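Colleague: Can you read through this structure? Questions will come right after.
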């Protein structure tokens, strides 16, 4: 079973933009999510994907993930069936040591949230943190995209001083 192992962090400043080697636009919606499981439709530039994720294990570090590329037309049709709330973000890719950090700059109701994640081969794999990395939020469900579609950052982020 494919496993996704990742750690998530808040981003301190926009220095990642100068370090980025790629940037893409992502829009995603959820057909269903709850009890830690989700079925997501994502359009990333000119490609689209259907993704199924299982519940998080080990303090949010790992979870089952299955993904299949689908046509953009199919993704647009499925988006019409998705639950209310969308994720709209730009993703920057930044190399740090042997890893690639994905830095998401959120728009719309999640404007102001900038988060980075790094995928790992194992839960204890060491990695080199780039200078823009701040507080770790791995396992904090408020930072899950599926949660952000229901309770956007604009509602709770400023109240938390984040």
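Colleague: So what is the 222 nm mean residue ellipticity for the chain from helices alone, if each DSSP H run of at least 4 adds -39500 (n - 2.57) and you divide by all residues, rounding to the nearest 500 deg cm²/dmol?
Modeller: Mean residue ellipticity, 222 nm, calculated: -3000 deg cm²/dmol.
Colleague: Using 0.36 nm per residue, how much length does the chain from residue 13 to residue 111 gain when fully extended, once their Cα-Cα distance is taken away?
Modeller: Roughly 33.8 nm would be gained on extension.
Colleague: Distance between the C-alpha centers of the range 39-84 and the range 105-126? Whole Å please.
Modeller: 16
Colleague: With each pseudo-label sitting 7 Å past Cα toward Cβ, what's the residue 100-residue 81 distance in nm, one decimal?
Modeller: Each label point lies 7 Å from its Cα, and together they span 3.0 nm.
Every read-out reported here was derived from the displayed coordinates using simple, explicitly stated rules and does not represent laboratory data. Here the structure is a predicted model, which is why all the values come from computation and not from measurement. A quick note on method: Cβ atoms are made from the backbone with ideal geometry, for glycine too, and the neighbour counts reach across all protein chains shown.
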